[in-house]
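Coordinate-derived values only; no laboratory data. Computed from a predicted model, the values in this text were never measured in an experiment. Cβ coordinates were reconstructed from backbone atoms using ideal geometry, including for glycine residues, and neighbour counts include every protein chain displayed.
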Amino acid sequence: MTARTHDVIAFSALVSVAAYFPPENLNISTTFACLVGSVVGALAPDLDQATNRLWDMLPAGDYIGKILRGLLLQHRTISHSILGVVVFYKILQFVIPRLLNPAYVDPNLVIASVMIGFVSHIVADMFTKEGVPLFFPFPFKVGIPPFKALRITTGKFMENFVIFPSVVLYLIWLVTDKKDALLKLVELIKS
């Protein structure tokens, strides 16, 4: 999937979780951090690629990227696996509370938002012809549906004109259907 599709899928996943499992406490700082975290999480599994937008956002990102790309092996290996999810989560548990002031931003909600983006990325990539090595280091790749011929090609017609618009339509339906729950969240943010 392209970065644009990963972003909209991660945002839709974040709004879905917020609508069905609303947080008890929420403020504007945490909301903003969660939105940014979701996008970062959605792009993080592809840090093993030179074209990842996150590298462009970081000072000296190209240099750091060259080092980390070597550690992440090749594209769609550890970063697209259950092991990668666990390792990334452990790193976030260590880093996020040290980066954010808990008086202003709830680090647990930010970690959850980043992980929602991260997991949504892996699930979305399961629908591509390449699949993902979900059980890395075992070499086989998992895809949905199990038959490769029925999966989509990244950046082509199905992604651009079926998947992406379908996710946007789902988001519109969700906001309409869960309007009351989402309005409560807006009120919670304002208070």
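For a bin width of 10 Å, list the pair-distance distribution of segment 110-157 built from all Cα-Cα distances, rounded to whole %.
28, 44, 24, 3
Using label points projected 7 Å from each Cα along Cα→Cβ, tell me how many nm separate Ala149 and Phe21, to one decimal.
For the pair Ala149/Phe21, the computed spacing is 3.9 nm.
Calculate the FRET efficiency for Ile28 and Val87 from the Cβ-Cβ distance with a Förster distance of 45 Å, rounded to the nearest 0.05.
0.90
So if I take the alpha carbon set of segment 115-191, get Rg, then get Rh from the Kirkwood formula, what is the Rg over Rh ratio?
Radius of gyration over Kirkwood radius for segment 115-191 works out to 1.14.
Would you list Asp180, Asp46 from fewest to most Cβ contacts within 10 Å?
Ranking Asp180, Asp46 by Cβ neighbours within 10 Å, fewest first, gives Asp180, Asp46.
So if we plug the beta-carbon distance of His75 and Leu169 into 1/(1 + (r/R0)^6) with R0 = 41 Å, what FRET efficiency do we get, rounded to 0.05?
Given R0 = 41 Å and the Cβ-Cβ separation, E is 0.85.
Assuming R0 = 22 Å, what is the FRET efficiency of Lys156 and Val123, from their Cβ-Cβ distance, to the nearest 0.05?
That gives a FRET efficiency of 0.70.
Treating the beta-carbon of each Lys and Arg as +1 and of each Asp and Glu as -1, no other charges, what is the dipole magnitude of the chain about its Cα centre, to the nearest 20 debye?
360
Excluding Phe127 itself, calculate the net charge of residues whose Cβ lies under 13 Å from the Cβ of Phe127, where each Lys or Arg counts +1 and each Asp or Glu counts -1.
That works out to +2.
Taking the Cα centre of segment 132-191 as the origin, how large is its charge dipole in debye, to the nearest 20, when only Lys and Arg (+1) and Asp and Glu (-1) carry charge on their Cβ atoms?
Roughly 160 debye, rounded to the nearest 20.
Please tell me the relative contact order of the chain in percent, rounded to the nearest whole number, where contacts are Cα pairs under 8 Å and at least six residues apart.
Here the relative contact order equals 32 percent.
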